[in-house]
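The values are calculated or read from the model by the stated rules, or taken from the named source; none is laboratory data. For clarity, every value in this text was computed on a predicted model and none was experimentally measured. Cβ placement follows ideal geometry from the backbone for every residue including glycine, while neighbour counts extend to all protein chains displayed. Areas reflect the complete protein model, heavy atoms only, side chains present, ligands, DNA and RNA absent. Shrake-Rupley method; radii C 1.70, N 1.55, O 1.52, S 1.80 Å.
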Amino acid sequence: MKFNITHALNVIRPNCQYTIRGEDIYKNLEWNDSESEKPTEAEINAKITELQADYDAKKYQRDRAVSYPSIQEQLDMQY
């Protein structure tokens, strides 16, 4: 998964209102939310990096979950 400005904004400012015109970059971000301040480009880039690092760190968990049946299935097999 590749994270972008939309993912970052939804974490930094949940329920905020914005519009991105054209490419998914900061200069095309129109801030429509009067209740919160527009995050800086540095804040957004830092959050994208953080989200990507967290996702990448959990790759082992995702791969392992596919290799084994769910707990429900395991309990059914025991029964």
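Observations, loosely collected:
- Here the sum of -39500 (n - 2.57) over DSSP H runs of 4 or more residues, divided by the residues of the chain, equals -16000 deg cm²/dmol at 222 nm, to the nearest 500.
- Restricting the chain to trypsin sites (Lys or Arg not before Pro) that sit in a DSSP loop and have at most 15 other Cβ atoms within 10 Å of their own Cβ leaves 2, 21, 58.
- With Cα atoms as the point set, the chain shows a radius of gyration and Dmax of 18.6, 59 Å.
- Among the GluC sites (Glu not before Pro) within the stretch 31-79, those in coil by DSSP and having at most 11 neighbouring Cβ atoms inside 10 Å are 35, 37.
- For the chain, the carbon plus sulfur part of the accessible surface works out to 50%, probe radius 1.4 Å.
- Accessible surface, 1.4 Å probe, highest first, among residues 18, 68, 60, 79: 79, 60, 68, 18
- Relative contact order computed over the chain (Cα-Cα under 8 Å; 6+ residues apart), in percent: 30 percent
- Dipole in debye (nearest 20) - the chain, about Cα centre, beta carbon charges: Lys, Arg +1; Asp, Glu -1: 180 debye
- Probe 1.4 Å, accessible area per residue of the chain, Å²: 79 Å²
- For the stretch 24-40, putting each phi into the Karplus relation 6.51 cos²θ - 1.76 cosθ + 1.60 with θ = phi - 60° gives couplings of 7, 10, 4, 5, 9, 8, 9, 8, 10, 9, 7, 8, 9, 7, 5, x, 6 Hz, in residue order, rounded to whole numbers and with x for Gly and Pro.
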